Amino acid sequence: MSPTDFILWPVLAALLFFTRKQALMKPLLALTLLLLYNRFCSPGFFDLEIKEGHLYGRLIDILNQGAKVMLLALGMSLVIATGGVDLSVGAIMAVAGAVLAQGVAARGWSPATAITAALGVSALLGLWNGLLVAFLRIQPIVATLILMVAGRGLAMLITDGQIINFENPSLVFLGNGYFLGLPFTLTLVLVMLGLTAFLTRRTALGLFLEATGDNETACRYAGLPARNVKFLTYVFAAFCAGLAGLIATSNIKSADANNIGLYLELDAILAVVVGGAALTGGRFHLLAAMVGALFIQTLTTTLYAANVSADIAPVPKALVIIAVCLLQSPVLRPKLAKLLAKKERPA
Amino acid sequence: MPPLLQLRGVSKRFTGVVALDGVDFNAYSGKVHALMGENGAGKSTLIKALTGVHPRDAGEITLDGKHISPTSPREAEAVGVSTVYQEVNLIPDLSIAENICLGRQPKRLGLLRWAGIRERARAALARLGLEKLDVNQTLSACSIAIQQLVALARALDVDAKVLILDEPTSSLDAREVEELFAVVRKLRDQGMAIIFVSHFLDQVYSLADRITVLRNGKLVGEYIAAQLPRLQLVAHMMGRNLAEVEALQHRAPPGTPPGKTILETKQLGRKGSIEPTDLHVRQGEVLGFAGLLGSGRSELARLLFGVDHATSGELHVDGEKTSFGSPRDAIQRGFAFTPEDRKIQAILPNLTVRENLVIALQARRGLWSRLPRAEQDALVEKFIKVLKIKTSGPEQLIKNLSGGNQQKVILARWLVTEPRLLILDEPTRGIDVGAQADIERLLAELRDQGLAIVFICSDASELSRNSQRLIVLRDHAKVADLAGADVSEHGVMHAIAHSGPSAP
């Protein structure tokens, strides 16, 4: 037994036991099971050490590495709630990284200017997506596919096809620094989560998003600005992607247009789905999507810890995700419930 | 003669709600058997329990003396029980032939035999006297009435002993209903047992031999149609006594004299949808739109609410010329609109009663000014009580409510915005007598409170009962203005039949 055990398991158990949100149960359960597996099969997985006042260890890596998908999943949750999807967030990450590196390394901008520019460009790309989907009514999957493909080209254009390195300490801090003993990225995620939760639950945005995803025609008749709401979600998703792109770029201290954020849009969509949201729109659950993102990151780290090579890692990853999705299947779930002879809960 | 189909003690409960409580039902071959009841009485549940859509909790079904227990509509069809549902349950992008044979296509060596499919479809349509229909036509290109008949043909393509018609007429006009009934009578005479679910009393009395009434999931009784007076039937359905029902039949007394004009149109029209039209609506009066289905009533209403854009003419609100770019503009001026197609244009099925109720008010307040939860709860509680909305609670999903109660929630959605002009497009379609009486009473109350109301309704007697003035539409144009004594069923019929085309 390590000190970690005394904190982690009671916390997870308490969360599972006390959560009143049905939506949070399943991803949390999946995450707990995965961590339990690691507790017994991955030696050293839970070791934490304190160096120079900072926490290090696999668990911290998961939080740090998972930050990107968590940020993406925040934006993706809102987009999916309206019945859309944004495939371009991975490419937008690359563009944000390219702007940041090019600004600092080649143009000599200050970090603040470069960060503002990178986030601004990301939001602009989101504007484009939103315009196509909300106002020109192109199917989201097609509309965002355009930037998914073209975005990396755009990033290449910005960096002249080079991998641009930078050493600016403020920018390096963004993805590698520590704040209050924990990775700074975690603070970023918490701030963004708080902001998103505030925006969706303290204003009417959450209701508008779910209503739009549920029946857009009825929303128009009820005088709800469904198009503007949709439009905004794409801008917000792109902004989150820009932030994730800054972290990814800072992680490796260089802008690599070909690899930054590669396939991360899929991880983000998966995180939202594991979090119990339907791709047809409607209800969304931010916290559950966050747990979903952590689950996916933990899975990746688990495979890494088990020395599964990166090339074949997608296979076991896919298997676990299939299992999680089966847990949510409306056909299988009742049967499983019967099998476990648990008390039936209203859906 | 024993009944062909017998249901004994059928029960069904959904999480906490008893939908059917030991219901018995009989259907005899060669007879039309009407199943009546208010919305939420359990008619649809009974049909679904019979056809295997919902598993029964208790009870037995016998067909021709044999026990049957279908677990899906397909199994029900296989034993001889076919159903035509309220909404056309076909695939609009496929051809008529494909729709009729879908799922049981003639095949050879695992490949489709197209000639066989068409032949079989033609034969099925011929049974209904529709030999002339082109089976290669795409279904969506046909009128709703034809689609309904195609659905019927599909139901009869298998060897049906029992045919269930679940509100088949709600989207048909009078002539189409007669065509459908002619076919149904033919099938009855061939010895089929027909179960007919409908809200329209006229139709039930013109078609049914026997009537079974359900209320709150329980059997009220089984009656011979010819021996059951209409008012008695209504009283059975509502669970009230005759005197109460008779009181409802009277015309609402004219309220206070109308106030100032809220809305006026001058030659307002939209190309291809409604000819230029003049009308005005005043505070404290109900203006009815009369006309047949498809005469342009809904199109005109959509123009008034900014859903569609006018291509000609002017719109004046409070005497001031204006134009609506979207419903939002109309809502800002205090307009409200309950659209015709509740399912597609009004309800947010997977959201709660509370969310459905506050959405319009919240939309008007805007994104940043969220209605506090306590206020939402108070509003919902109030309107559930005032409108007698039957729901297990404010957090129930609206899709789990019956049609009449959904309609009440939609009405409440607009009432909380405290509108000055209320446009109601077929607010009583597909809902039961009790809810209809509630809505008619509410209409008179709102009018007396000084609201301006536009009321659209296919039932001329209901329309004239509730309106102070009428405009009559035909072929996408206004053909007459009716006021005073002309506001009557006869006045409407006369205007539709005899007014000149597009009278100015």
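Results for (1) in contact with an Asp or Glu (Cβ under 6 Å, 6 or more places away or on another chain); (2) more than 7 Å from chain A (Cβ to nearest Cβ); (3) in contact (Cβ under 8 Å) with a residue 12 or more places away in the chain; (4) within 30 Å of B:Ile456 (Cα to Cα), shown as yes or no for each residue.
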residue: B:Pro339; (1), (2), (3), (4): yes, no, yes, yes
residue: B:Arg342; (1), (2), (3), (4): no, yes, yes, yes
residue: B:Gln345; (1), (2), (3), (4): no, no, no, yes
residue: B:Pro349; (1), (2), (3), (4): no, no, yes, yes
residue: B:Gln362; (1), (2), (3), (4): no, no, no, yes
residue: B:Arg365; (1), (2), (3), (4): no, yes, no, yes
residue: B:Ser369; (1), (2), (3), (4): no, yes, no, no
residue: B:Ala374; (1), (2), (3), (4): no, yes, no, no
residue: B:Val380; (1), (2), (3), (4): no, yes, yes, yes
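Can B:Ala330 be described as within 14 Å of chain A (Cβ to nearest Cβ), of a type outside the set (S, T, N, Q) and under 22 Å from B:Arg365 (Cα atoms)? For B:Ala330, the condition - within 14 Å of chain A (Cβ to nearest Cβ), of a type outside the set (S, T, N, Q) and under 22 Å from B:Arg365 (Cα atoms) - is met.
Condition check ((1) touching a Pro at 6+ places or on another chain (Cβ under 6 Å); (2) polar (S, T, N, Q); (3) crowded, with 24+ Cβ neighbours inside 10 Å) across all residues:
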residue: A:Phe239; (1), (2), (3): no, no, no
residue: A:Gly242; (1), (2), (3): no, no, yes
residue: A:Ser250; (1), (2), (3): no, yes, yes
residue: A:Ser254; (1), (2), (3): no, yes, no
residue: A:Ala257; (1), (2), (3): no, no, yes
residue: A:Leu262; (1), (2), (3): no, no, no
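Of the candidates A:Gly281, A:Gly223, the single residue that is within 14 Å of chain B (Cβ to nearest Cβ), surrounded by fewer than 24 Cβ atoms within 10 Å (Cβ to Cβ) and touching a helix residue (DSSP H, G or I) at 6+ places or on another chain (Cβ under 6 Å) is A:Gly281.
Looking only at region B:40-67, which residues are free of Cβ contacts under 8 Å to residues at least 12 places away in the same chain and under 24 Å from B:Met1 (Cα atoms)?
Within region B:40-67, B:Lys66, B:His67 qualify.
The single condition among (1) away from chain B (no Cβ under 14 Å); (2) assigned to a helix (DSSP H, G or I); (3) buried (at least 23 other Cβ atoms within 10 Å of the Cβ); (4) of a type outside the set (Gly, Ala, Ser) that A:Thr233 does not meet is (1).
Which of the residues belonging to region B:232-253 are of a type in the set (A, V, I, L, M, F, W, C) and either more than 20 Å from B:Gly40 (Cα to Cα) or modelled with pLDDT of 85 or more (or both)? Hits for region B:232-253 are B:Leu242, B:Ala243, B:Ala247, B:Leu248, B:Ala252.
For region B:404-415, does any single residue satisfy the condition of being within 11 Å of chain A (Cβ to nearest Cβ), closer than 21 Å to B:Ala41 by Cα and either among the aliphatic types (A, V, I, L, M) or surrounded by fewer than 22 Cβ atoms within 10 Å (Cβ to Cβ) (or both)? Yes, the conditions are met somewhere in region B:404-415. A:Ala293 meets all of the listed conditions (1) within 14 Å of chain B (Cβ to nearest Cβ); (2) closer than 30 Å to A:Thr32 by Cα; (3) aliphatic (A, V, I, L, M) but one, namely (1). All of (1) part of a loop (DSSP other than H, G, I, E, B); (2) in contact with a Leu (Cβ under 6 Å, 6 or more places away or on another chain); (3) buried (at least 21 other Cβ atoms within 10 Å of the Cβ) hold for B:Leu125 with one exception: (1). Taking (1) crowded, with 22+ Cβ neighbours inside 10 Å; (2) within 18 Å of B:Phe14 (Cβ to Cβ) in turn, B:Thr352 satisfies each apart from (1).
Of all the listed residues (B:Leu482, B:Leu424, B:Leu473), the sole one being under 29 Å from B:Arg215 (Cβ atoms) and in contact with a Leu (Cβ under 8 Å, 6 or more places away or on another chain) is B:Leu424.
Of all the residues that make up region A:162-171, how many are touching a residue at least 24 places away in the same chain (Cβ under 8 Å), surrounded by 15 or more Cβ atoms within 10 Å (Cβ to Cβ) and closer than 15 Å to A:Asp256 by Cα?
Here is the first cut: in region A:162-171, the residues touching a residue at least 24 places away in the same chain (Cβ under 8 Å) are A:163-168, A:170-171.
Of the ones still in play, those that are also surrounded by 15 or more Cβ atoms within 10 Å (Cβ to Cβ) are A:164, A:166, A:168, A:171.
Okay, now just the ones that are also closer than 15 Å to A:Asp256 by Cα, so A:164, A:166.
Final tally of qualifying residues: 2.
Each row is one residue, and each column tells you yes or no for (1) within 14 Å of chain B (Cβ to nearest Cβ); (2) under 30 Å from B:Ile331 (Cα atoms); (3) touching a residue at least 60 places away in the same chain (Cβ under 8 Å); (4) in contact with a Pro (Cβ under 8 Å, 6 or more places away or on another chain).
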position	(1), (2), (3), (4)
A:Leu132	no, yes, no, no
A:Asp160	no, no, no, no
A:Tyr178	no, no, yes, no
A:Ala204	yes, yes, no, no
A:Glu210	yes, yes, yes, no
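Only one residue in A:Ile50, A:Ile62 is in contact (Cβ under 8 Å) with a residue 40 or more places away in the chain, over 30 Å from B:Asn350 (Cα atoms) and crowded, with 16+ Cβ neighbours inside 10 Å, so which one is that?
Numbers: A:Ile50 fails: crowded, with 16+ Cβ neighbours inside 10 Å.
Selected residue: A:Ile62, the only one of A:Ile50, A:Ile62 that is in contact (Cβ under 8 Å) with a residue 40 or more places away in the chain, over 30 Å from B:Asn350 (Cα atoms) and crowded, with 16+ Cβ neighbours inside 10 Å.
Cβ separations smaller than 6 Å between residues 6+ apart or across chains give the following pairs from region B:407-423 residues that are small (Gly, Ala, Ser) to residues that are crowded, with 24+ Cβ neighbours inside 10 Å: B:Ala412/B:Leu357.
Listed here are the strands (runs of 3 or more DSSP E) enclosed by region B:400-504 that have at least 2 residues being at negative phi, in contact with an Asp or Glu (Cβ under 6 Å, 6 or more places away or on another chain) and aromatic (Phe, Trp, Tyr), and there are none.
The values are calculated or read from the model by the stated rules, or taken from the named source; none is laboratory data. For clarity, every value in this text was computed on a predicted model and none was experimentally measured. Quick reminder, even Gly has a Cβ in these numbers, built from the backbone with ideal geometry, and neighbours come from all protein chains shown.
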